[in-house]
Amino acid sequence: MDYSRYLINFDTDKLEKCYSDVVIIGSGIAGVYTSLSIDPKYSISILTKERVEISNSVLAQGGIAVSLDKNDSPESHLKDTLYAGAGLCNEDTVRVLVNEAAANIGRICDYGVEFDKNPNDKSELALGREAAHSTNRIIHAGDATGKEVCDKLIANATKRENIKIHEQIWVLDLLVKDNTCYGVLVFDENDNSYKAYYAGLVICASGGYGNLYKYTTNPDVATGDGAAFSFRAGAELMDMEFIQFHPTVLYHKENRSFLISEAVRGDGAVLRNGAGERFMHNYHELGELAPRDVVARSIFLEMQKTGDTNVFLDITHKDRDYLEKRFPTIFNTCLKYGIDMSKDYIPVAPAEHYCMGGIRTGVYGNTTVKNFYACGEAACNGIHGANRLASNSLLEGLVFGNRIGREAEEILCDKEPEMPRFVYNADRDKARTVAEAKRDITRLREAMTKHVGIIRNADGLYKALKVVMEIKDKIIERENASMYDFILQNDVMVSEIIIMSAIERRESRGAHYRSDYPEKNDVRWKKNIVKKLY
Ligand code: SIN
């Protein structure tokens with residue numbers, strides 16, 4: 001793959017330089033919790049592209065999986081995670097996740113996070129159910145769990161003198177020499193300048209790349225930059241072909257990105273096709289509570305069969321008071337669109353939701369680049385395998401953010417700041433206009449949505465690759481003059497990696513389903529696909 005090493009030409013001697021012990025990219029649960037887990041004697045800069053409260057974590061509705069019930073155990077949580085992951089999870093890493101879950105939940109409760117209590121015993125947390133969990137183990141704060149956790153963690157980080165949150169800072173590239181990371185090159189939207197943020201430890205918690213797709217539950221900031229700048233810097237990406245589509249996203253002409261949490265199905269909602277018939281038991285014995293990839297694919301196939309654009313979620317057997325209290329965000333959002341979920345079926349269709357793949361990391365969040373770590377959706381440590389189990393994502397951000405926090409001392413060990421000079425100068429063509437960049441971004445997203453979605457095949461994947469190559473031919477060594485250029489260049493690179501991995505994996509497993517290779521092939525493909533630029 002031929003890509004320029006850096007998105008822009010620059011010389012750090014001519015840029016404003018900033019230094020902190022740690023730079024964290026991203027202000028979702030993984031980024032902010034990591035900052036709180038690092039010894040306060042270290043200075044930390046959290047860099048976020050938007051305002052601090054805009055992240056994918058904030059939108060997480062369902063909750064956090066943790067085995068708290070007396071009849072539950074980390075072992076049972078492990079088993080469910082491995083089953084959903086369809087043979088590709090790293091069992092040792094999953095064991096860390098499930099064993100360290102409760103302690104991290106305890107820590108965030110100490111930071112003031114409040115989860116719903118069991119109505120029959122207020123000394124316990126209420127435990128909800130979600131797909132592919134063999135028991136009730138989802139703790140939640142109504143249907144706005146991500147917001148509750150992020151609000152409280154951000155409030156704590158804001159009070160810490162050693163943590164500074166810098167908003168509207170776009171990380172363009174990692175500053176890496178001899179496979180060691182010294183900081184990041186950024187574009188600061190506040191004063192329209194490029195800057196170098198140096199640090200002894202750089203942590204990427206920038207989230208996934210849902211916006212490669214036309215319909216996603218992710219906010220606009222979830223573009224492919226984390227994966228792209230890591231790849232350009234020589235880090236490995238893993239499992240990029242596994243992209244999770246959430247089965248039940250509101251299907252309304254004014255809104256196709258609002259999530260209808262799996263917790264609604266966990267609470268007894270059933271899926272119906274356009275004729276009002278239930279269909280999930282025709283596809284899987286667990287019906288509506290089958291693993292997420294199975295439910296999304298079944299809905300897709302059912303829609304193909306009936307020619308409908310959507311199916312329906314029916315929870316009308318529950319009364320209005322209950323629904324309004326248990327799912328206030330969903331209830332009120334539906335009502336805004338004229339849907340009273342206590343009386344009406346909710347129109348839903350699958351949309352992109354979560355990237356299982358990302359920057360390859362070890363069990364301490366370490367990447368193959370020295371002093372560069374990753375956690376949360378940006379990382380791929382083998383927890384999710386081919387398909388993430390519901391409500392394991394916020395948990396992953398907590399457990400591995402905390403592990404990086406504990407490692408920080410070892411990495412930094414009070415060393416003096418190092419700020420080597422970086423210079424990059426490539427011949428570059430003149431920049432494209434914003435309109436040109438936007439048009440190409442749209443074209444790319446349409447190709448990804450059409451050909452690299454829930455069901456794939458070689459023909460479609462090569463069609464998508466052709467679109468990528470046509471756009472790529474036009475962007476190599478272009479001057480990058482706008483945000484849209486940066487997004488486009490990153491998205492093209494990440495799309496190429498996803499498509500190449502999807503072409504390579506000639507089998508169906510978890511979220512990667514190939515109609516031309518519909519079976520799982522453990523003999524050839526029970527392994528991860530890892531991509532590296534050099
Ligand atoms: C949901 O509430 O359905 C989403 C939870 C998750 O993605 O784990």
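The modelled label-to-label distance for the pair T433/N136, using points 7 Å beyond Cα in the direction of Cβ, is 5.9 nm. Averaging the Cα positions of each part gives two centres, and for segment 347-409 and segment 187-244 these lie 13 Å apart.
To make sure I understand the rule: partners must be lysines, Cα under 16 Å from the Cα of K159, and not fewer than 8 residues away in the same chain. Which ones qualify? List returned: K41. Of the trypsin sites (Lys or Arg not before Pro) found in segment 505-534, the ones in coil according to DSSP and having at most 10 other Cβ atoms within 10 Å of their Cβ are K527. Remark: segment 103-143 carries 44 Å² of accessible area per residue (probe radius 1.4 Å; ligands, DNA and RNA excluded).
Straight-line cross-link reach from K305 at under 16 Å between alpha-carbon atoms covers these aspartates and glutamates, not counting any fewer than eight positions away in the same chain: E277. Loop-located trypsin sites (Lys or Arg not before Pro) across segment 1-105 with a Cβ neighbour count of 14 or fewer within 10 Å are R5, K41, R51, K70, with loop assigned by DSSP. Restriction of the GluC sites (Glu not before Pro) in segment 267-298 to DSSP coil positions whose beta-carbon has at most 15 other beta-carbons within 10 angstrom yields E277, E285.
Largest first, the residues E148, E114 sort by 1.4 Å accessible area into E114, E148.
Annotation: per residue accessible area for segment 259-326 equals 44 Å², rounded to a whole number [probe 1.4 Å, protein chains only].
Under 20 Å from a label point set 7 Å out along the Cα-to-Cβ vector of E277, the amide N atoms of segment 304-320 belong to 304-315.
Here the label points at V530 and T180, each 7 Å from Cα along the C-beta direction, are separated by 2.3 nm in the simple model. If you take the Cα centroid of segment 106-151 and the Cα centroid of segment 1-72, the two points sit 24 Å apart.
Taking all protein chains together and a 1.4 Å probe, the residues E409, E496 rank E409, E496 from largest to smallest accessible area. Amide H to amide H, with H built 1.01 Å from N, A431 comes under 5 Å of E479, counting only residues 5 or more places away or on other chains. Oblate is the label for segment 362-407, because a/c, from the alpha-carbon gyration tensor with a ≥ b ≥ c as root eigenvalues, is 1.5 or above and a/b does not exceed b/c. Segment 263-323 and segment 455-534 have Cα centres lying 30 Å from one another.
When the helices of the chain are scored as -39500 (n - 2.57) per DSSP H run of n ≥ 4 and the total is divided over every residue, the value at 222 nm lands at -11000 deg cm²/dmol. Placing pseudo-labels 7 Å out from each Cα toward the beta carbon at D39 and T158 gives an inter-label distance of 2.9 nm. Counting only protein heavy atoms and using a 1.4 Å probe, the accessible area of Y337 comes to about 40 Å². Here's the list of lysines a cross-link from K152 could span, going by alpha-carbon distance under 19 Å and ignoring same-chain residues fewer than 8 apart: K117, K164. Just the protein heavy atoms count here, and of the accessible area of segment 306-461 at 1.4 Å, carbon and sulfur take up 47 percent.
Note on segment 99-235: with neighbouring protein chains present and a 1.4 Å probe, carbon and sulfur make up 44 percent of its accessible heavy-atom surface. Look at the Cα gyration tensor of segment 190-258: its axes a ≥ b ≥ c give a/c of at least 1.5 with a/b at or below b/c, and that counts as oblate.
Maximal additional length on extending the K370-K325 stretch stands at 11.4 nm, based on 0.36 nm per residue less the C-alpha distance.
If the segment from R107 to T306 were pulled out straight at 0.36 nm per residue, it would be longer than the present Cα-Cα gap by 66.8 nm.
Computed extension gain for K117 through Y337, at 0.36 nm per residue and net of the alpha carbon distance, reaches 76.2 nm.
The values are calculated or read from the model by the stated rules, or taken from the named source; none is laboratory data. As the structure is a computational prediction, the values presented were derived from the model and not from experiment. Reconstructed Cβ throughout: ideal geometry from the backbone, glycine too, with neighbour counts over all protein chains shown. Quick note on the areas: whole protein, heavy atoms, side chains included, nothing else; ligands and nucleic acids left out. Shrake-Rupley method; radii C 1.70, N 1.55, O 1.52, S 1.80 Å.
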